[in-house]
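Participant: Structure incoming, see below.
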Amino acid sequence: MPTIVVTASHFLATSWPYYELLTAAGLDVRFADLSKSLWEPDGLVEALDGAEGVICSTEPYTAEVLSRTKVRVVSRVGVGYDSVNVPAATEQNIAICRTPGTLHQSVVEHTISMILAMYRNVIPQNQQVRAGDWDRTAGPRAYGKTLGIIGYGVIGKEVAKTAVLLGMNVIAYDPIAPTGGPNEVERVALEEIWRRSDVVSLHAPCTPETERIINAQSLALMKDDALLINTSRGGLVNEEELAAAMKAGKLRGAALDVLDNEPAGKDHPLFDVENIYFTAHMAGLDEQSLLDMSTMAAQNIVDLYQGRWPAENIVNGGELSGWKW
């Protein structure tokens, strides 16, 4: 009976529907011991000992880790897979799966809520009222503001759709994304994003082309009172340069759901900066998305085990050579 290890912390319980899906298919399910770090190669290899499949989060599946296991399927709960060395996995004939379409609405809600919370000063207002203050200083409204989206895939398009309904003007940059999205959205060059946006929202994967796309140079081109929203990947932001720019008075504020290294220590350079709001990589997580992600991640494994090929969910499916369980 093949063993499937679950490393994603939200799903370490037998009560989830995905667990029944796997066991009903004749697969043995084992939960990783999260008291040991899965971000260290030895810890992750130990967790995967004897397993042929894994339902995973963002822990790093490096070439070294993959070569030291017998894993045949890595099924990621989520859509990003930059934590997996896909070429190394392909070379070892390991199928890399993901769960598209399960979390984009959650990310949209989180992104829009960040914008509105910052414009309406929700967190400072709460703190002031609790302290006995009654500061009714008005802030800006989102209606009529220009939202610049970097990364115009499924999530970027859905954010654009909601922003348009709020009355925002939306411009978008993505050199490779297919056409589509609301007719009201203008596709522009990256320089136009920096120059025209009142809010810049990041929805791109972290690649060599996008890594540290928020840096001293791009920040200098942005409006002094712009907002920065990142619900994508921490590696898109040069955190030291963002901290320096904001301490010097650049940007009205920032809202970051992701950081370059997670979880962050107490001495993170951005924690000394006012007007930055943080959430703990939660943008894609709500009750429904957790259910949908875990179920699809398990279904990917069951399909492969039973001889089906969920091509739309397999990142490297076209490059695997004669893969079968």
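Participant: For Rg/Rh (Cα atoms, Kirkwood Rh), several values are listed as (i) 0.96; (ii) 1.00; (iii) 1.17; flag the one computed from this structure.
Facilitator: (ii)
Participant: Report, by chain and number, residues whose modeled amide H sits under 5 Å from the one on Val84, excluding near sequence neighbours (fewer than 5 apart, same chain).
Facilitator: Tyr61
Participant: For region 244-300, which chymotrypsin sites (Phe, Trp or Tyr not before Pro) are both in a DSSP coil and crowded by at most 10 other Cβ atoms within 10 Å? Can you show the working numbers first?
Facilitator: Numbers: sites: Phe271, Tyr277, Phe278; in loops: none.
Hits after loop and neighbour filter: nothing returned.
Participant: Cut-off is 10 Å between beta-carbons; in what order do Val122, Val302, Val164 appear when sorted fewest neighbours first?
Facilitator: Working: Val122 14, Val302 20, Val164 17.
Ordered from fewest to most neighbouring Cβ atoms within 10 Å, Val122, Val302, Val164 come out as Val122, Val164, Val302.
Participant: A further question follows. Once you've got the GNM for the chain with C-alpha springs shorter than 10 Å, pick whichever of Ala138, Ala51, Ala177 has the biggest mean-square fluctuation.
Facilitator: Ala138
Participant: If you don't mind, another one. Of the candidates Asp198, Asp292, Asp49, which one comes out as most mobile in a Gaussian network treatment of the chain with C-alpha springs shorter than 10 Å?
Facilitator: Checking each option, the largest mean-square fluctuation is seen for Asp49.
Participant: Can you list residues whose amide H is under 5 Å from Ile276's amide H, if they're 5+ apart or on another chain and H is modeled 1.01 Å from N?
Facilitator: Residues meeting the amide H criterion: Ala254.
Participant: Also: With charges set only on the Cβ (+1 for Lys and Arg, -1 for Asp and Glu), what does the dipole of region 157-225 come to about its Cα centre, in debye to the nearest 20?
Facilitator: On the way: 7 positive and 11 negative charges, 17 e Å.
Charge dipole of region 157-225: 80 debye, to the nearest 20.
Participant: Here is a follow-up. Relative contact order for the chain: what is it in percent, counting Cα pairs under 8 Å that are at least 6 residues apart?
Facilitator: Averaging sequence separation for qualifying contacts and normalising by length gives 18 percent for the chain.
Participant: Could I ask something else about it? Let me make sure I get this right: for region 104-278, a, b and c are the square roots of the gyration tensor eigenvalues over alpha carbons, sorted descending. Under 1.5 in a/c it's rounded, otherwise prolate if a/b > b/c, else oblate. Which is it?
Facilitator: Numbers: a/c = 1.69, a/b = 1.23, b/c = 1.37.
In terms of gyration-tensor shape, oblate.
Participant: Next question, about the same structure. List the lysines whose alpha-carbon lies under 25 Å from that of Lys36, not counting same-chain residues fewer than 8 positions away?
Facilitator: The reachable lysines, counting only those whose Cα sits under 25 Å from Lys36, are Lys70, Lys266.
Participant: If you keep only loop residues by DSSP, which trypsin sites (Lys or Arg not before Pro) in region 221-307 have at most 10 other Cβ atoms within 10 Å of their Cβ?
Facilitator: Taking region 221-307 and a limit of 10 other Cβ atoms within 10 Å, the loop trypsin sites (Lys or Arg not before Pro) found are Lys266.
Participant: For region 287-325, run through the GluC sites (Glu not before Pro) and keep only the ones in DSSP coil with at most 11 other Cβ atoms within 10 Å of their Cβ.
Facilitator: Sparse-neighbourhood loop GluC sites (Glu not before Pro): none present.
Participant: Going through the cross-link list Lys161/Lys324; Lys145/Lys250; Lys161/Lys247, which pairs have a Cα-Cα distance over 29 Å in this structure?
Facilitator: Where the Cα-Cα span goes over 29 Å, the pairs concerned are Lys161/Lys324; Lys161/Lys247.
Participant: If R0 is 25 Å, what FRET efficiency do you get for Leu116 and Leu291 from their C-beta distance, rounded to 0.05?
Facilitator: Plugging the Cβ-Cβ distance into 1/(1 + (r/R0)^6) gives 0.45.
Participant: Let me ask something additional. Who wins for biggest fluctuation among Asn230, Asn300, Asn93 in a Gaussian network model of the chain, springs between alpha carbons below 10 Å?
Facilitator: Asn93
Participant: For n ≥ 4 DSSP H runs only, could you compute -39500 (n - 2.57) per run for the chain, divide by its residues and tell me the 222 nm figure to the nearest 500?
Facilitator: Estimated from H runs of four or more residues: -9000 deg cm²/dmol.
Participant: Still on this structure: Tell me which of Gly249, Gly284, Trp309 sits at the most positive position along the dipole axis of region 219-320, charges placed on C-beta atoms (Lys, Arg +1; Asp, Glu -1).
Facilitator: My answer, from the dipole projection, is Gly249.
Coordinate-derived values only; no laboratory data. Predicted model, so just to flag it, every value in this text is computed and none were measured. Don't worry about glycine lacking a Cβ; one is built from the backbone with ideal geometry, like all the others, and counts go over all protein chains shown.
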